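The values are calculated or read from the model by the stated rules, or taken from the named source; none is laboratory data. Quick caveat: nothing in here was measured; it's all calculated off a predicted structure. Virtual Cβ from ideal backbone geometry, glycine too; neighbours counted across all protein chains shown. The accessibility values were calculated without ligands, DNA or RNA, using every heavy atom of the protein model including side chains. Shrake-Rupley method; radii C 1.70, N 1.55, O 1.52, S 1.80 Å.
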Amino acid sequence: MSRDIEELLRDGLDRLTAGASVPAGMAERARRARRRRRAARGGVATGAAAAVAGTVAMAVAVAGGGGLATAGGHARPAGAAHPAVHHVQTVADIVHKASKALDTSNLIMVSMGNYKVMSLEHNAKGHQRIVVMHEIGYSYRNREVGYLFKGPNTFTGPKHVRIAISSQMSSMTLGTKSTNLWKEVDYYKRTWAQSTRREAAMPQPTSLACSSRQKLSKPDAPLRAYLSTSPASIKSALACGGLVKDGTETVQGVSAIRLTSTSKLTSHQLVIDVSPDTFLPVRMTFGNQEYDYRWLQPTAANLAKLTPHIPRGFRQTHENVAR
C-alpha cells in the first residue's frame with residue numbers, strides 16, 4: 001500500500017457487545033470503516049473497534065493531536081535538518097518540484113494518525129485494564145503492517161508495542177479478488193496467529209485533481225475519502241488551482257511548504273505539508289483527520305519492519321485474524 005496507510009482496526013464496534021473476536025483489518029480498510037462510523041457522530045467520536053482474543057480495542061480520533069513526521073525522511077537520516085524553504089517561491093516552482101519528485105510506490109510509507117486506541121485488556125486471571133495506545137503503519141506495495149504501541153505518538157522515542165497485524169495481498173487491482181495472508185502478534189498475551197482470506201482488492205486512492213471536487217466536497221468526505229499522497233496527485237491539484245502555496249510551517253522542528261485547498265478542489269479544508277527537498281508529503285490534514293508521513297528507502301533493514309517479530313516461546317493460536 002504505497003498510499004495513505006497505516007491503520008489496524010476495522011469496523012468492530014458492534015463486537016464490543018457481541019463477544020470477543022479478532023482484529024479484522026489494517027491500514028485504509030480499517031480507517032475507512034472507522035470514518036463511516038464516525039460520520040454519524042460529528043467526526044470526533046469513537047470509531048473502529050476490534051477484540052483480540054480477549055482484548056477489545058477501539059480507535060478514538062483526537063482533533064489536533066498526534067505525532068509529527070520528519071520531512072522527507074527517506075532522503076536523509078531521521079531527524080536531520082532540511083535546508084530553508086525560501087528557495088521554493090511560486091506555484092510554478094512547486095509544480096516543477098512535484099514533477100521531479102520520487103515515485104512513492106518505490107518507497108516504504110510510514111504513517112501515523114492523530115487518534116488514540118483505547119484497549120480493554122483481559123489477563124489470564126480475568127482482570128481487566130484500559131490501556132491507551134497509538135498506531136504506526138508501514139506500507140510497501142502489496143505488504144503492510146500496523147503496530148499498536150504505548151508511549152509518545154511520534155515516529156521516534158521509546159515504543160512499547162502491544163499488538164502487530166500484518167497483511168500481504170496477492171492483488172492490488174481494483175475489481176479483482178485478493179488472497180490476503182494476515183498475521184497477528186499479541187505481545188501482551190504472548191500469542192500469534194495467521195490466516196488467509198479472499199477479499200476484494202483495495203480501492204485506489206482518490207486523486208487530488210480538481211475533477212475529484214464533487215467527491216471531495218461531499219459532507220462526509222473528510223471521514224470517508226481515501227486520498228492519494230503521490231507527488232503526481234498533488235501536482236494535479238496545484239496545476240488546476242485546487243491547491244495553493246500558503247507559506248511554510250514547522251513539522252517536528254523541520255520547515256515544510258504548506259499547501260491549502262481552494263474551492264476548486266473541495267469545500268472542506270485540506271492542508272498538505274510537503275518537504276521542500278523531495279516534495280513528498282509529511283503531513284495531510286482533511287477536516288479533523290490528520291496523518292503524518294515518513295518515507296523510507298526499501299533497504300533490507302527497513303523492509304524488515306514490515307514483518308512483525310515473533311519472539312521465541314510465543315504460543316500459536318488458530319484465530320481467524322482476517323475475520
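What are the extents of the Cα atoms of the stretch 214-323 along their three principal axes, in Å, largest first?
Principal extents (Cα only, largest first): 56, 34, 23 Å.
Sorted by accessible area with a 1.4 angstrom probe, largest first, how do 273, 93 fall? Please report the intermediate quantities before stating the final value.
Values: 273 0, 93 65 Å².
Output order, biggest surface exposure first: 93, 273.
With bins 10 Å wide starting at 0, give me the P(r) of the stretch 153-278 over every alpha carbon pair, in whole percents.
Calculated over all Cα pairs of the stretch 153-278, the distribution is 11, 26, 27, 27, 8, 0 percent.
With a point put 7 Å past each Cα toward its Cβ, work out how far residue 127 is from residue 260 in nm, to one decimal.
5.1 nm
Search the structure for amide H atoms under 5 Å from the amide H of residue 206, placed 1.01 Å from N in the peptide plane, and list their residues when 5 or more places away or on another chain.
Amide H neighbours of residue 206, under 5 Å, 5+ apart: 226, 227, 228.
What is the Cα coordinate range of the stretch 168-207 on the first, second and third principal axes, sorted by size from largest, in whole angstrom?
40, 22, 10
Hey, if we sort 268, 318, 160 by accessible area with the 1.4 Å probe, largest down, what's the order?
Working: 268 45, 318 170, 160 110 Å².
Result of the area sort, largest leading: 318, 160, 268.
Whose amide H sits under 5 Å from the amide H of residue 293, counting only residues 5 or more places off or on another chain, with H placed in the peptide plane?
Those qualifying (amide H under 5 Å, at least 5 residues apart or on another chain) are 69, 283.
How large are Rg and Dmax for the stretch 103-206 when calculated on the C-alpha trace, in angstrom?
Taking only Cα atoms of the stretch 103-206, I get Rg and Dmax of 15.8, 50 Å.
Sorted by accessible area (1.4 Å probe), largest first, how do 129, 312 line up? Intermediate results must be reported in sequence, preceding the final value.
Working: 129 120, 312 230 Å².
My answer, sorted largest first, is 312, 129.
Summarise the accessible area of the stretch 234-321 (1.4 Å probe, protein heavy atoms) by the percent that is carbon and sulfur.
Working: 1670 of 3560 Å².
Within the stretch 234-321, the accessible surface is 47 percent carbon and sulfur.
Restricting to DSSP loop positions (anything but H, G, I, E, B) with no more than 11 other Cβ atoms inside 10 Å of their own Cβ, which GluC sites (Glu not before Pro) remain in the stretch 130-185? Please report the intermediate quantities before stating the final value.
On the way: sites: 135, 144, 184; in loops: none.
Hits after loop and neighbour filter: nothing returned.
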